[in-house]
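A.B. asks: One structure is given below, represented as structure tokens, and several questions about it will come after.
The values are calculated or read from the model by the stated rules, or taken from the named source; none is laboratory data. Owing to the predicted nature of the structure, the values given are computational and were not obtained by experimental measurement. Note that we place each Cβ from the backbone using ideal geometry, even for glycine, and neighbour counts take in every protein chain shown.
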Amino acid sequence: MKPWENNIRKVIPYTPGEQPKADNIIKLNTNENPYPPTQEVSRILSGFDAGRLRLYPDPAITDLTAAIAAYHKVGSDQVFVGVGSDDVLAMAFLTFFNSKKPVLFPDITYSFYDVWANLFHIPYETKALDDEFNLITEDYFCENGGIIFPNPNAPTGILMDLETIEQILRKNRDVIVIIDEAYIDFGGRTAMPLVKKYDNLLVVRTFSKSRSMAGSRIGYAIGSPDLIHCLSDVKYSFNSYTIDSVTIDCGVASIRDEEYFRKNCGKIMETREYFKQELKALDFVFPDSMTNFVFAKHRTVPAKELFHALREHNIFVRYFNKPRIDNYLRITIGTREEMDTLLSFLKEYLNK
Ligand SMILES: *Cc1c(COP(=O)(O)O)cnc(C)c1O
């Protein structure tokens, strides 16, 4: 070992889902939206004056922050915008999780949480979900250095009700509680109204899934002005210019077209319900999903085998080779046609 190796930060990085280059594939592996963003975004892109790129973007991301604040009916001082929710969450870990007590999150959840905890040397403890993958509320009543979980949870797709979430908040007034609502637009009830009541609650959202803008990298957090102020101080200590000028304008355009957004989410939910019925008929079992994916296992055929068989047919889904979930596939809801192609392949493969 070389002497300088002692001073290197060593991490096991997060593994993002594959982004294959070929265009003849059905891509249901990273929970992207199958539909394009609102036409207003194309209008912004084609009309953008490249001369503006000479200048740094607005470091305060004022216009997008104001648009998001108006959309959620909160003050602009309650909104923090970042480069995708991954950036927002990383900043939040750095800002809010500085206790010697462990941060708590479920054993089966978004697999970036333990990566950030390790990166920032934050102590953490995972709490096992029950056999149906439900979060056990009482597990979060112990002393801790902060709490984070997605609602609905990923990759299970299970939605928690607001009453249960409030129970956790009531027992945790002295730490920051982060709720990652990456999938809340697909039929869940948001914890956003609780922000008024709990100044230690941070709700995180993304444009990547429900707003069809994974490529733009926009995420945001809503919380009390105090929390947002602290997040902002850390951001300005790290990188002041996070969102580029084009993306700021595209984000505003997306927020303004609420009708398209609602219609789009509605279409995906409709396809999801149809897909659930069909999957059930093929002998798959799955927790009821309130997201744009279904986390399913087949009663007899191993998930790993199905994953490879689908891949051979240019259908990409997500498989996690991890304890407790290594017999499940996470299948993103695409267009109705994409789901039908997947279903007919499965029918044939399973001899149905
Ligand atoms: C997709 C996802 C994110 C990251 O979203 P980006 O905004 O694209 O960085 C965060 N949390 C969960 C639970 C997700 O599924």
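A.B. asks: Is there a residue in segment 19-38 that is free of Cβ contacts under 8 Å to residues at least 12 places away in the same chain and closer than 23 Å to Ser111 by Cβ?
C.D. replies: yes
A.B. asks: Cβ-Cβ below 8 Å, separation at least six or inter-chain, first residue in segment 100-121 and touching a residue at least 12 places away in the same chain (Cβ under 8 Å), second away from the ligand (no atom under 16 Å from the Cβ) and of a type in the set (S, T, N, Q): which pairs?
C.D. replies: So the pair list comes out as Lys101/Asn144; Pro102/Asn144; Val103/Asn144; Leu104/Asn144.
A.B. asks: Could you give every pair whose Cβ atoms fall below 9 Å, whose first residue belongs to segment 292-317 and is within 29 Å of Asp185 (Cα to Cα), and whose second residue is exposed (fewer than 14 other Cβ atoms within 10 Å of the Cβ) and of a type in the set (A, V, I, L, M, F, W, C), counting only separations of at least 6 or pairs across chains?
C.D. replies: Filtered contacts from segment 292-317: Ala296/Val285; Lys297/Val285; His298/Val285; Asn314/Ala22.
A.B. asks: Right, something else. So, Val11, is that one part of a loop (DSSP other than H, G, I, E, B), away from the ligand (no atom under 16 Å from the Cβ), modelled with pLDDT under 95 and of a type in the set (A, V, I, L, M) or not?
C.D. replies: Working: part of a loop (DSSP other than H, G, I, E, B): yes; away from the ligand (no atom under 16 Å from the Cβ): yes; modelled with pLDDT under 95: yes; of a type in the set (A, V, I, L, M): yes.
Here the answer is yes, as Val11 does meet what is asked.
A.B. asks: Then there is this: Of all residues in segment 295-352, count the ones that are assigned to a helix (DSSP H, G or I) and among the aromatic types (Phe, Trp, Tyr). Before you say what the answer is, go through the steps one by one.
C.D. replies: In the first step, residues of segment 295-352 are kept if they are assigned to a helix (DSSP H, G or I); the result is 303-312, 336-349.
Going one step further and asking which of them are among the aromatic types (Phe, Trp, Tyr), we end up with 307, 345, 349.
Looking only at that region, the number is 3.
A.B. asks: Considering each residue of segment 227-282, count those that are closer than 22 Å to Ile184 by Cα and either surrounded by 20 or more Cβ atoms within 10 Å (Cβ to Cβ) or touching a helix residue (DSSP H, G or I) at 6+ places or on another chain (Cβ under 8 Å) (or both), and give that number. Lay out the reasoning, then the answer.
C.D. replies: The first filter runs over segment 227-282 and keeps only residues closer than 22 Å to Ile184 by Cα, leaving 227-228, 250-277.
Now restrict to residues that are either surrounded by 20 or more Cβ atoms within 10 Å (Cβ to Cβ) or touching a helix residue (DSSP H, G or I) at 6+ places or on another chain (Cβ under 8 Å) (or both): 227-228, 250-258, 260-261, 264-265, 268-269, 271-272, 274-275.
Looking only at that region, the number is 21.
The rows are residues; the columns are (1) in contact with a Cys (Cβ under 7 Å, 6 or more places away or on another chain); (2) surrounded by fewer than 10 Cβ atoms within 10 Å (Cβ to Cβ); (3) at negative phi.
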position: Val11; (1), (2), (3): no, no, yes
position: Lys21; (1), (2), (3): no, yes, yes
position: Lys27; (1), (2), (3): no, no, yes
position: Glu32; (1), (2), (3): no, no, yes
position: Val41; (1), (2), (3): yes, no, yes
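A.B. asks: Answer yes or no: is there a residue in segment 69-92 that is aromatic (Phe, Trp, Tyr) and within 23 Å of the chain's Cα centre (by Cα).
C.D. replies: We begin by selecting, within segment 69-92, every residue aromatic (Phe, Trp, Tyr); these are 71, 80.
Pick out the ones that are also within 23 Å of the chain's Cα centre (by Cα) and you get 71, 80.
Yes.
A.B. asks: Here's another thing I want to ask about it. Just for segment 52-68: of the residues that are among the β-branched types (Val, Ile, Thr) and within 19 Å of Thr206 (Cβ to Cβ), which one is farthest from the chain's Cα centre (by Cα)? Show your work before the answer.
C.D. replies: Step one: of segment 52-68, the residues among the β-branched types (Val, Ile, Thr) are 61-62, 65, 68.
When the remaining residues are screened for being within 19 Å of Thr206 (Cβ to Cβ), the result is 61, 65, 68.
Numbers: Ile61: 21, Thr65: 19, Ile68: 17 Å.
Within segment 52-68, the match that is farthest from the chain's Cα centre (by Cα) is Ile61.
A.B. asks: Still on this model: Would you confirm, using the coordinates I've provided, whether Ile184 is within 17 Å of Ser85 (Cα to Cα) and of a type in the set (A, V, I, L, M, F, W, C)? Reasoning before the result, please.
C.D. replies: On the way: within 17 Å of Ser85 (Cα to Cα): yes; of a type in the set (A, V, I, L, M, F, W, C): yes.
Judged against the criteria, Ile184 is a match.
A.B. asks: Can you tell me which residue is surrounded by the most Cβ atoms within 10 Å (Cβ to Cβ) among those in segment 175-212 that are within 11 Å of the ligand (Cβ to nearest atom) and of a type in the set (D, E, K, R)?
C.D. replies: Looking at the filtered set, the residue picked out is Asp180.
A.B. asks: Applying the selection to segment 94-147, what residues are of a type in the set (Val, Ile, Thr), within 16 Å of the ligand (Cβ to nearest atom) and surrounded by fewer than 21 Cβ atoms within 10 Å (Cβ to Cβ)?
C.D. replies: Of the residues in segment 94-147, the ones of a type in the set (Val, Ile, Thr) are 95, 103, 108-109, 115, 122, 126, 136-137, 147.
Subset that is within 16 Å of the ligand (Cβ to nearest atom): 103, 108-109, 115, 126, 147.
Val115, Thr126, listed by residue number.
A.B. asks: Would you be able to say whether some residue in segment 219-239 is part of a loop (DSSP other than H, G, I, E, B) and closer than 30 Å to Gln39 by Cα? If you could, list the steps in order and put the result at the bottom.
C.D. replies: The initial filter retains those residues of segment 219-239 that are part of a loop (DSSP other than H, G, I, E, B), namely 223-224, 237-239.
If we keep only those that are closer than 30 Å to Gln39 by Cα as well, we get none.
Looking for residues that are part of a loop (DSSP other than H, G, I, E, B) and closer than 30 Å to Gln39 by Cα, one finds none in segment 219-239, hence no.
A.B. asks: I've got another one for you. Quick check: is even one residue across segment 41-55 away from the ligand (no atom under 16 Å from the Cβ), touching a helix residue (DSSP H, G or I) at 6+ places or on another chain (Cβ under 9 Å) and among the acidic types (Asp, Glu)?
C.D. replies: no
A.B. asks: Right, another one. Is segment 63-72 home to any residue that is within 16 Å of the ligand (Cβ to nearest atom), at negative phi and not in a helix (DSSP H, G or I)?
C.D. replies: No, every residue in segment 63-72 fails to be within 16 Å of the ligand (Cβ to nearest atom), at negative phi and not in a helix (DSSP H, G or I).
A.B. asks: Residues of segment 122-136 being in contact (Cβ under 8 Å) with a residue 12 or more places away in the chain and closer than 16 Å to Ala154 by Cα, which ones?
C.D. replies: Looking only at segment 122-136, we keep the residues that are in contact (Cβ under 8 Å) with a residue 12 or more places away in the chain, and these are 122-129, 132-135.
Correct list: Thr126, Lys127, Ala128, Leu129, Glu132, Phe133, Asn134, Leu135.
A.B. asks: What residue, among those in segment 73-90 that are touching a residue at least 60 places away in the same chain (Cβ under 8 Å) and in a loop (DSSP other than H, G, I, E, B), is farthest from the ligand (Cβ to nearest atom)? If you could, list the steps in order and put the result at the bottom.
C.D. replies: Kept after step one, since they are touching a residue at least 60 places away in the same chain (Cβ under 8 Å), are these residues of segment 73-90: 74-75, 77-89.
Checking which are in a loop (DSSP other than H, G, I, E, B) leaves us with 74-75, 83.
Working: Val74: 19, Gly75: 23, Val83: 8 Å.
Filtering first and then ranking leaves Gly75.
A.B. asks: So which of Lys235, Lys209 is closer than 17 Å to Asn151 by Cα and in contact (Cβ under 8 Å) with a residue 24 or more places away in the chain? Reasoning before the result, please.
C.D. replies: Working: Lys235 fails: closer than 17 Å to Asn151 by Cα.
None of the others qualify; the one that does is Lys209.
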